[in-house]
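One structure is given here, and the rest of the page talks about it.
The values are calculated or read from the model by the stated rules, or taken from the named source; none is laboratory data. Since we're looking at a predicted model, the values are computed, not measured. Cβ placement follows ideal geometry from the backbone for every residue including glycine, while neighbour counts extend to all protein chains displayed. The accessibility values were calculated without ligands, DNA or RNA, using every heavy atom of the protein model including side chains. Shrake-Rupley method; radii C 1.70, N 1.55, O 1.52, S 1.80 Å.
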2 protein chains.
Amino acid sequence: MDRVKLVFIVFLICFLPGSGFTQSHPRLVLTEKGVSDIKSNLKKLPLLNQSFQETIQEVDLEMANGIEVPVPKDMAGGYTHERHKKNYLILQKAGVIYQITGEQKYAVFIRDMLMQYAKLYPTLPQHPEKRSYARGKLFWQCLNDANWLVYMSQAYDCVYDWLKPEERKVLEHDLFRPYADFLSVGNPQFFNRIHNHSTWGIAAVGMIGFVMNDKVLIERALYGLKDDGINKDQKDNDGGLIKLPEQPGAGFFIQLDYLFSPDGYYTEGPYYQRYALYPVMLFAESIENCRPELKIFEYRNHILSKSLFAVLNLTDSEGLFFPINDSQKGMSYLSRELVSAVDIIYFFGGKDPTLLSIAKKQNLVLLDNTGLSVAKGLAEGREKPFIKKSIEMTDGANGDQGGVGIIRAGDPTDELCIVMKYTAQGMGHGHFDKLSFSMYDKGKEVIQDYGSARFVNIDQKNGGAYLPENNTWAKQSVAHNTLVVNETSHFKGDFETGNKYHSYPYFFNATGKDIQIMSAKDTNAYPGITLHRTMAVIEDKAFGKPLVVDIFRVQSEKENQYDLPYYFLGQVMNTDFEYSVPTTLLPLGKDFGYQHLWKTGEGKSGNKNVKLDWFSNERFYTITTVVSPDDQLLFAELGAKDPLFNLRRDQSYIIRKNKEKDAIFVSIIETNGHYDPVNEISANSFSTITDVEILLNNEQYTSITFDTKTGTKWMLNISNTDVYKDTNHQVEIAGKSYSWVGPFELTKNK
Amino acid sequence: MDRVKLVFIVFLICFLPGSGFTQSHPRLVLTEKGVSDIKSNLKKLPLLNQSFQETIQEVDLEMANGIEVPVPKDMAGGYTHERHKKNYLILQKAGVIYQITGEQKYAVFIRDMLMQYAKLYPTLPQHPEKRSYARGKLFWQCLNDANWLVYMSQAYDCVYDWLKPEERKVLEHDLFRPYADFLSVGNPQFFNRIHNHSTWGIAAVGMIGFVMNDKVLIERALYGLKDDGINKDQKDNDGGLIKLPEQPGAGFFIQLDYLFSPDGYYTEGPYYQRYALYPVMLFAESIENCRPELKIFEYRNHILSKSLFAVLNLTDSEGLFFPINDSQKGMSYLSRELVSAVDIIYFFGGKDPTLLSIAKKQNLVLLDNTGLSVAKGLAEGREKPFIKKSIEMTDGANGDQGGVGIIRAGDPTDELCIVMKYTAQGMGHGHFDKLSFSMYDKGKEVIQDYGSARFVNIDQKNGGAYLPENNTWAKQSVAHNTLVVNETSHFKGDFETGNKYHSYPYFFNATGKDIQIMSAKDTNAYPGITLHRTMAVIEDKAFGKPLVVDIFRVQSEKENQYDLPYYFLGQVMNTDFEYSVPTTLLPLGKDFGYQHLWKTGEGKSGNKNVKLDWFSNERFYTITTVVSPDDQLLFAELGAKDPLFNLRRDQSYIIRKNKEKDAIFVSIIETNGHYDPVNEISANSFSTITDVEILLNNEQYTSITFDTKTGTKWMLNISNTDVYKDTNHQVEIAGKSYSWVGPFELTKNK
């Protein structure tokens, strides 16, 4: 009986037309029904109650300090910036507490602070810091102003009915309406983009629109500004284009059409996807609550759900995002943006029980209907593990602009993972890192992607903004584990050129028991040169841990210098080749990031294979590379031309080939054994791979072999031009014939 | 009734004279009574049972692989070394399992392996690796051979009664007796030392002596070799003297007299103390079981207990040993040596319930009476927290050779800790680091001690032995957070000179609520120069976290260059002084460790104070230093002249004073705020200390002041010549008179 009643109420809430429904508050994220459900369930649901108690504690502490609404002055990390940020975070929470407890002091606090903002706002010019392409008023950029409004709309929504009509009039007339106008018609270059910045602008304008029932703002948010007067070459202060070349409009629906690939991949990468997901999800929830007839969670084949699952898959085994493009390391699915996304998609997206296991790790839920439902699911023990599998995701609105491949092997608690990037440029936050990869072992980076050169919200470092070294180092090709030709970055480091192109997925196959493999090509990073990288993870009892095979082919009609760096983390244990170290350190080059690398060692080898062993996180690693006597083996360390110590002191091992046309780099990366520092015991710390050989490498085929010390010989054959799974291939090597079906084949012989 | 019976049995076991008692086996570590107690309690005591089950699993796995007793060949980390090491570790465990389960297969395994050793041993020359001062047979050094016998004695003890007399005869005649002779009369330079090496040798000879009831070996172990023919200048391969200048004899009792200070401090430092404790404790347990009349645990005012408590206090809040002298980082009280020591001292030393909390973290107990009693204590919930307080420990057999001071502040879960070293040299493993310190915050190193340049048991790195850079870098003064005069190490880096002297404790006071303070002097590191360092930790609401005050005074009649390095860990955030970074890196100097440092930056300041901010482990730190315009502020990075990448790439901030006679360095180190990488919020990330001033510094007194931004002024007065707590001091500064009682005083004024 109760169940039937509940379903009926849910029906009423969900399917009543928006116009009739929008008379009551709260209506955005919290709803009247949500509040009443939370009240009656709070004590029964530990996670919900804990989240609520933590919220009360935090807000009470802040309220005890009194209200501060300073005149804006500082950059990110500075006092006024952090104060206004704290204000909106706290007021949104105070609103929720007011709704659930009914305690007036929270409503009073919200009103009083908002009133101070209503007094301050009309007096404000643009923020004094001038470096943004879209300067805000409370903050140095509109982006942060939009953050403010996304949160404050929720606070306002919670006290709307409690406020006197004349108070609402003051707030809306002096604060919210001009605020929303400033973010939209006042800054079209900020509002009308397809970009994470404008997802915030759109959500801010739309959410305050819903609260005020302002149809003009709502339409603006959903469908954009009609005439924005934006020049097609206009760029933001991070170097990103304001408008995409083919951009057909603006507003929330266009964002959902263009921001994500059909697989839910966001072209700027997971760090920014997380950032964009908060306003996207909150606004979607608001739309669902206020305009259910738009069926926003079903839009574009459930793109909102897909984007969450994509970003969850773009994490290492500890839940940290792969630091693709401009990304600060340390960010993970524990962030508040992902708490919202997980709860909202759980509730509106079919109650997938694997999301509950993520929510459990987050140990926090939204204080709304969606968080309630997650807390209920967990209290009822309905969670299932979220198992990340090997996966390829396409990039581009139509899924035709390259992609990302992730291969995972081993148990989730001891996972080996490689990520290879063959996407489009990734807008202004993209790096020149075609066909780059990174490698993780047991939740730790082993061969790293640098991430961004930035300390977000740390005032001491350029006000928390991007550092100059983000352009001169972090974005450059040599900062990545990929090929650099003639010491020049991909697309000569030119964003506009890079933005026109993408790499090409060649094949991706993760169905094999012994081998998972991905292959991609790029023909645009260097005009006239084709790059083709194939990476495989091979599992077999013959070696304890999975092996990584890396085959990087280059085709060029001219002679070039080729550098393939590996940014290994940890300490060099030894090498089996001779090298010398300089008595004076000089930069490795002049430009494109080379000016930031000290050359710390240089060697050559007469052997066919060279090995570098290193040690990291109590494990040993070996990279075995096929070399010719002319190849240079370089060691480099980051930190040259870094006057403010903005860069980490990371190191690199670079295989350099000089004056070659077509070339091939073949390496095998092993995880060997373990060191126990308490017992001081090292086990299986040596490489077991021998005799890596390139048997064949031409336009059509590549064949390599390698042996293990136990005597097994492995052979990997790749077709370089044909990915059809039914094609028969046959090659003749040293008088012996080999044949197989499909784009690749791995064989082993005792 | 049962209780009475038990007491009677215990009485019988403990007080029967050794000679009568030594007829039964096992008798060393396990005893008949112990075995029967373990059998009857195993199922009831989770930790004991778990330890036992883990042991069975490990041994069964190894037994399945069969017996391997290879001809010795490799260095540490190599196959034969690791194999023989594994053999003794496993056989000792197999012995225990045999005793407890009675399953013959374990006894058979032990017999068969020992028989193979009995066959091999007589054929063995010295180990082919020649670098040790005391080459072993199974291993490259006698030390490891002694390790083998300490463990194998226990295995033999467990199967002694089960073996046939003729089997015992073979084992004793061909293996154990010659083995024990080789370690003692065969290598007096190894056996007759006061050194961690010979604790192993003594325990090995004594323990096999007890098992075989060989009175000659027992006497040898307890009282040493009479005539050893050791030259007084003879040294080991690590540069340590074989005999102490005043060494009155040898053997176990002399070890106990000389190894530890009256506080239980071991002069080589906690890393080696841990290592020495295993044979010391096991042999003591054997003595207690076989010769209870010696009352070994009461010897020298319970020195064995004291040495355990000392080493437990020499750990950071995570239980890792302070890496004083030659120490590999990562070693902690979770090591097997400390498991033994904690269990043995718990059982024989009065059942201190705080030891149970350590045992709980170790999550492992010995499979003997002592482990049984720990498991029982834990099962009965009798543990109390082991709270580490600020403490000073003296060095030297008589406690008159300097010491170590440890100041801890804050909650144990968020502890600030500084360790200052003013000990004697610490034998061959000592560093030239008079008055050096290191700083920890929340269980992490903030200003580090480098530790040793060694990768213990990692074959790739010099066979696991000390690296050349241990001498050229890790031992040198500039590798430490202490003063270096004229780019020359203390005692010119000469071990023999250093070994003659020690620093002087001046005062140590940790009873104050607002200030804990320690002060020490050295007059020998540089002839004619007095070094005097005072370090204080100040706690007050005015600053969130405790502050560290560092006052380093130098007195010299000649002009010198003074360098005071701080090895801060983390990334430079900013400085408030100008500095330049070079375009080419050159070494900072030529010798005494300077040749390993690249000079990465250099600055000066016209201000009276300079600040360096850095970031580490999600926290911000600031060091504010009083400088004159001539002082140089240097940045350096480790890694020069390091052809095999043996050194970590650590960094240093060096305050350099040129051409000064008397000088004083004053710095305040703050822990500021927190950065949350998931929420990207930085809180209180800036220094709050201003206007650090030296008001007075002369032979008699030093007075400094500093302010906090909130307007409080602090003054710290120190008497430089008088430590009596009742002395009245009065100083005149700028016409104002200040007076206080005792060696120091801290005051604050609003």
Among B:Gln595, B:Ile529, B:Thr413 the positive-end extreme of the charge dipole of segment B:391-749 (Cβ point charges):
B:Gln595
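Magnitude of the Cβ-charge dipole of the protein assembly as shown, K/R +1 and D/E -1, about the Cα centre, nearest 20 debye?
Values: 162 positive and 184 negative charges, 294 e Å.
Dipole magnitude for the protein assembly as shown comes out near 1420 debye.
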Which distance in Å, rounded to a whole number, links the C-alpha centroids of segment B:295-313 and segment B:202-254?
21
Calculated SAXS-style log₁₀ I(q)/I(0) at q = 0.11 Å⁻¹ - chain B, Debye, Cα scatterers
-1.17
Provide, in order from the shortest bin, the percent of all Cα-Cα pairs of segment A:170-315 in each 10 Å bin, continuing until the bin that contains the maximum pair distance.
12, 43, 35, 11, 0
Relative contact order (%) - chain B, alpha-carbon pairs under 8 angstrom, separation at least six:
8
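Quick check on segment B:391-749: what does the Kirkwood estimate of hydrodynamic radius come out to from the alpha carbon pairs, in Å? Could the numbers behind the result be given before it?
Values: mean 1/r = 0.0477 Å⁻¹.
So the Kirkwood estimate lands at 21.0 Å.
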Lysine pairs, Cα distance under 25 Å, 8 or more residues apart or cross-chain: how many in segment B:71-161?
20
Under a plain spin-label model, where a point goes 7 Å from the Cα along Cα-to-Cβ, how far apart in nm are B:Asp181 and A:Asn363?
6.3
Please work out the Cα convex hull volume for the protein assembly as shown and give it in Å³ per residue.
208
Going by a 1.4 Å probe on protein heavy atoms, which residues of segment B:590-612 end up with at least 40 Å² less accessible surface in the whole assembly than in their chain alone?
B:Trp598
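May I ask you to give the average projected area over all directions of the convex hull of the Cα atoms of segment A:596-750, in nm² rounded to one decimal?
Answer in nm², one decimal: 13.5.
Projected area of segment A:368-440, taken from the Cα convex hull and averaged over every viewing direction, in nm²? Please report the intermediate quantities before stating the final value.
Working: hull surface 31.0 nm².
Result: a mean projected hull area of 7.7 nm².
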Under the 7 Å Cα-to-Cβ spin-label approximation, A:Thr413 and B:Gln126 lie apart by a distance in nanometres of 4.8
Per-copy distances of the B:Pro353 label point, shortest first, in nm (7 angstrom along Cα→Cβ):
4.5
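Assuming R0 = 25 Å, can you tell me the calculated FRET efficiency for the pair B:Glu167 and B:Glu32, based on Cβ-Cβ distance, to the nearest 0.05?
On the way: r = 21 Å, r/R0 = 0.83.
Rounded to the nearest 0.05, the efficiency is 0.75.
Excluding ligands, DNA and RNA, what is the accessible area buried between chains B and A, summed over both sides, using a 1.4 Å probe, to the nearest 100 Å²?
Details: alone 29230 and 29180 Å², together 53910 Å².
The summed interface area works out to 4500 Å².
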In deg cm²/dmol, rounded to the nearest 500, the helical mean residue ellipticity at 222 nm of chain A, built from -39500 (n - 2.57) for every DSSP H run of length 4 or more, is -9500 deg cm²/dmol
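Mind listing which trypsin sites (Lys or Arg not before Pro) in segment B:247-323 are in a DSSP loop and have 12 or fewer other Cβ atoms within 10 Å?
When the trypsin sites (Lys or Arg not before Pro) of segment B:247-323 are filtered for loop state and at most 12 Cβ neighbours within 10 Å, B:Lys295 remain.
Can you pull the mean other chain C-beta count within 10 Å for peptide A:329-340? Could you put the intermediate results ahead of the total?
Numbers: counts 1, 6, 4, 2, 1, 3, 5, 2, 2, 1, 0, 0.
Other-chain Cβ atoms within 10 Å of each residue's Cβ, averaged: 2.
Let me have the relative contact order for segment B:541-617, percent, based on Cα pairs under 8 Å that are six or more residues apart.
RCO, segment B:541-617: 34 percent.
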Give, in nm to one decimal, the length gained when the segment between B:Lys105 and B:Asp540 is fully stretched (0.36 nm per residue of separation minus the Cα-Cα distance).
150.1 nm
One finds, for A:Glu219 and A:Asn49 with R0 = 30 angstrom and r their Cβ-Cβ distance, a FRET efficiency to the nearest 0.05 of 0.15
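Could you work out the mean count of beta carbons from other protein chains within 10 Å of each residue's beta carbon in B:669-681?
Numbers: counts 0, 0, 0, 0, 0, 0, 6, 3, 10, 13, 7, 13, 8.
Going residue by residue through B:669-681 and averaging, the value is 5.
Hey, what's the per residue convex hull volume over the C-alpha atoms of segment A:258-405, in cubic angstrom? Don't jump to the answer; show the numbers that get you there.
Values: hull volume 14.9 nm³, N = 148.
Per residue, the Cα convex hull of segment A:258-405 comes to 101 Å³.
Normalised by the residues of segment B:67-253, what does the relative contact order come to in percent, with Cα pairs under 8 Å and at least six apart? Write down the numbers at each step before the final one.
Numbers: 289 pairs, mean separation 35.4, N = 187.
It rounds to 19 percent for segment B:67-253.
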Alpha carbon centroid spacing (whole Å) that separates segment B:618-690 from segment B:590-607:
13
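What part of the accessible area of chain B, given as a whole %, is carbon or sulfur when the probe is 1.4 angstrom?
Details: 13990 of 26980 Å².
Carbon-and-sulfur percentage of accessible area, whole number: 52.
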Solvent-accessible heavy-atom area per residue, rounded to whole Å², over the protein assembly as shown at 1.4 Å
36
Provide Rg and Dmax in Å for segment A:489-592, with only Cα atoms included in the calculation.
18.1, 51
If the reach is capped at under 20 angstrom between alpha carbons, list the lysines near A:Lys243, excluding any in the same chain fewer than eight residues apart.
A:Lys226, A:Lys232, A:Lys235, A:Lys500
Could you tell me how many degrees, from 0 to 90 and to the nearest 10, lie between the Cα long axis of helix A:369-379 and the main elongation axis, the longest principal axis, of the Cα atoms of chain A?
60
Taking the Cα atoms only, what angle lies between the long axis of helix A:104-120 and the longest principal axis of chain A, rounded to 10 degrees?
80
Can you figure out the FRET efficiency of B:Thr747 with B:Asn486, using R₀ = 41 Å and their beta-carbon distance, to the nearest 0.05?
0.65
Could you give the length gained by full extension between A:Glu699 and A:Ile387, i.e. 0.36 nm per residue of separation minus their alpha carbon distance, to one decimal place?
108.5 nm
Among B:239-249, A:617-627, B:597-607, how do they line up by average Cβ neighbours within 10 Å per residue, starting with the highest?
A:617-627, B:597-607, B:239-249
dims of segment B:67-253, Cα set, principal axes, largest to smallest, nearest Å -> 52, 35, 26
